[in-house]
Amino acid sequence: MRLCAWYLYGEKHRGYALNPVANFHLQNGSVLWRINWMGDTSPRGIGASCGMMVNYRYFLEDTASNSALYLGSKQVRASEQVLALVAQFQQNSKL
């Protein structure tokens, strides 16, 4: 889950999220909200994402500012759960 959080939050291509689904939601002003272990146990889900599923949350009053932050400054808004996983990844990573 730590690696998944880093991939969605920290891995970038030209400053934007490497994952196309993450990039889509973040451009539209969502918050990277939750990573669900074994959220998709279908054969496709296991093959594509090791069964993990991600929730993006849209706070309607914040979508315009979140979108502008991402598009302008390339900053990803994320929940405390995701940020804690990112911090754990960074502490344990040798990258």
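The values are calculated or read from the model by the stated rules, or taken from the named source; none is laboratory data. Because the structure is a prediction, the values reported are computed rather than measured. For neighbour counting, all protein chains shown are included, and Cβ atoms are generated from backbone atoms with ideal geometry for every residue, glycine included. The accessibility values were calculated without ligands, DNA or RNA, using every heavy atom of the protein model including side chains. Shrake-Rupley method; radii C 1.70, N 1.55, O 1.52, S 1.80 Å.
Miscellaneous remarks
- Nearest-ten-degree value, helix 80-92 long axis tilted from longest Cα axis of the chain: 60
- Theoretical gain in end-to-end length, residue 24 to residue 59 [0.36 nm per residue, Cα-Cα removed]: 11.0 nm
- Accessible carbon and sulfur surface of the chain relative to its total accessible area, %, 1.4 Å: 55
- The slack between residue 69 and residue 11, meaning 0.36 nm per residue of separation minus the straight C-alpha distance, is 19.2 nm.
- For residue 34, nonlocal amide neighbours, meaning residues 5 or more places apart or on other chains whose placed amide H falls under 5 Å from its own, are 55.
- Full-stretch length increase - residue 41, residue 93 - with 0.36 nm per residue and alpha-carbon distance subtracted: 16.0 nm
- A simple rule links phi to the HN-Hα coupling: the Karplus curve 6.51 cos²θ - 1.76 cosθ + 1.60 with θ = phi - 60°, which for region 38-46 gives 6, x, 9, 9, 5, x, 5, x, 5 Hz, with x for Gly and Pro.
- Dipole magnitude of region 1-91, debye to nearest 20 (Cβ charges: Lys/Arg +1, Asp/Glu -1, about Cα centre): 200
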